[in-house]
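Report on one structure; see the data block that follows.
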Amino acid sequence: MIHPDSGRPALLIAAAALSCAFADRATDPPLTSLREIPSPAMPGSAEANLAVGPSGRVYLSWIDVLPDSSHALRFSVLGGSSWSTPRTIASGRGWFVNWADFPSLLALDDRTLAAHWLVKRGRGWEDYDVHIARSRDGGATWGAPVIPHRDGTESEHGFVSMWAGSRGTVGVIWLDGRKYAAAAAARARGDSTLVREMTLRAATIGADGALSGDVELDGRACDCCQTAAAVTADGPVVVYRDRSQHEIRDIYVVRLVNGSWTAPQPVAEDGWEINACPVNGPAVAAAGRRAAVAWFTAARQTKRVRLAFSTDAGATFGSPIEVDDGRPVGRVGIVMLDDGAAIVSWLEEVGRGAEVRVRRIEPDGSRGPSMTVASTSAARPSGFPRMARAGDRVVFAWRDPEGRGVAQVHTATARLPGPSR
């Protein structure tokens with residue numbers, strides 16, 4: 001099916017032509033006017049991410065593979081129904097480029113941006129550092145990158161989330177491998193008493209690039225699941241996958257309240273015991289003191305995508321709500337709506353492939369119908385679909401590594417029904 005405005009294979013749209021005024025949330029699709037828009041990314045592009053600035057600008061970032069096999073982190077701004085000419089944030093060789101640990105961009109305002117990417121350090125394949133750079137002119141030029149961790153170990157540092165703090169600061173969290181590296185070195189010396197553990201750490205980068213507040217938030221986190229952060233009226237909320245001493249890997253939350261981080265607490269007690277990292281992190285969104293977290297679990301051998309709401313800025317959460325259609329892959333996203341509901345995105349396995357789907361969940365736990373946004377693959381090269389909201393517009397980015405000949409980043413926009421805004 002070809003959309004008349006795009007000239008490209010269209011999305012699997014079941015509800016694009018429906019009216020924007022919906023009376024029954026139980027039966028009406030969560031979005032309207034869904035259409036794919038030409039992507040600014042090159043063929044072979046991957047690791048897309050989305051960000052929304054304070055003024056409502058939507059930013060797409062991604063990695064292009066250059067002709068000399070080096071990499072470039074680029075971004076574009078959505079204007080109307082098209083993306084702006086791409087700008088390059090950074091480029092080089094020796095980057096760590098991975099389907100699950102992807103760069104991000106943060107807009108502090110229309111002129112001040114921050115972006116992160118990953119650069120290899122040392123000899124190990126999974127030894128790499130986080131690089132964070134800032135632009136003060138809307139992305140035309142970028143300053144020298146800052147490394148938020150100062151341990152100096154050849155170990156994994158990644159799965160970053162950033163948020164805008166006060167007075168131009170950038171808050172950042174990451175999974176940190178310094179304890180893992182110490183245990184590996186001890187084992188090489190014949191000492192097996194140290195346990196290989198990844199930790200969750202946080203720091204603040206000042207407007208002048210100075211680092212402060214480098215602290216450990218959790219001494220034992222899941223090795224390679226994405227983290228997520230959102231800012232509530234009470235301060236930042238961070239969600240991640242924990243790792244207990246008994247290999248229970250449920251979703252946990254920490255909050256920055258009055259300048260201090262709270263102790264880790266479970267969002268829900270799924271009891272997923274797995275002696276490996278599932279590479280499937282949570283997503284969080286917030287508006288005022290309302291927050292919502294979406295995640296994937298396979299506790300008790302049952303794959304599920306779940307959602308939990310909070311009305312007290314992430315201090316406590318309600319009972320989990322089932323989101324998926326029965327065969328979820330996970331890789332979730334979430335946006336909050338003005339009326340307190342949330343829209344969750346995830347990958348659902350279909351035949352030999354997968355679909356990017358969305359569903360509206362009400363604060364009382366009732367569910368609307370699911371809606372298919374795009375076809376893709378459940379394989380690792382498809383990466384993690386991304387979703388962001390700006391006003392009544394919802395933007396999607398995903399990668400289809402199999403369906404169109406050349407794998408690259410794809411994008412689409414949709415509209416919220418009027419009463420949902």
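At-a-glance table
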| quantity | calculated |
| --- | --- |
| Sparsely packed GluC sites (Glu not before Pro) within the stretch 247-297, loop by DSSP, other Cβ within 10 Å at most 15 | 247, 269 |
| Stokes-Einstein D for the chain, Kirkwood Rh over Cα pairs, 20 °C, 1.002 mPa s (µm²/s) | 99 |
| Which of 307, 32, 279, positive extreme of dipole for the chain (C-beta unit charges) | 32 |
| Sequence of 303, 179, 120 from largest to smallest accessible area, 1.4 Å probe | 303, 120, 179 |
| Residue-span extension gain [residue 322 to residue 289] - 0.36 nm each, minus C-alpha spacing | 9.6 nm |
| Residue 207 versus residue 147: modelled label distance in nm, points set 7 Å from Cα along the beta carbon direction | 2.8 |
| Residue-count net charge about residue 111 - beta-carbon cut-off 13 Å; Lys, Arg +1, Asp, Glu -1 | 0 |
| Top of 81, 61, 155 by mean-square fluctuation, Gaussian network on the chain, Cα under 10 Å | 81 |
| Candidates 370, 260, 135, ranked by Gaussian network fluctuation over the chain, Cα under 10 Å, top entry | 260 |
| Carbon/sulfur fraction of accessible area - the chain, other protein chains in place, 1.4 Å, % | 49 |
| Mean-position separation - Cα centroids, the stretch 88-129 and the stretch 341-384, in angstrom | 27 |
| Ellipsoid semi-axes in whole angstrom, largest first, where each is sqrt(5λ) of the Cα gyration tensor of the stretch 72-118 | 22, 13, 11 |
| Extreme residue, positive dipole direction of the stretch 286-409, given options 406, 337, 366 (C-beta unit charges) | 406 |
| The chain, helix-only ellipticity at 222 nm - DSSP H runs n ≥ 4, -39,500 (n - 2.57), divided by all residues, nearest 500 | -1000 deg cm²/dmol |
| Contour minus Cα-Cα distance for residue 166 and residue 185 (0.36 nm per residue) | 2.9 nm |
| Potential extension, residue 27-residue 88 segment - 0.36 nm per residue separation minus Cα distance | 17.6 nm |
| Cβ charges +1 (Lys, Arg) and -1 (Asp, Glu), total dipole of the chain, debye | 480 |
| Solvent-accessible heavy-atom area per residue, rounded to whole Å², over the chain at 1.4 Å | 40 |
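The values are calculated or read from the model by the stated rules, or taken from the named source; none is laboratory data. Remember, predicted model here, so these are calculated numbers, not experimental data. Backbone-built Cβ (ideal geometry, glycine too); neighbour counts: all protein chains shown. Heads up: the accessible areas ignore ligands, DNA and RNA and are worked out on the full protein's heavy atoms, side chains in. Shrake-Rupley method; radii C 1.70, N 1.55, O 1.52, S 1.80 Å.
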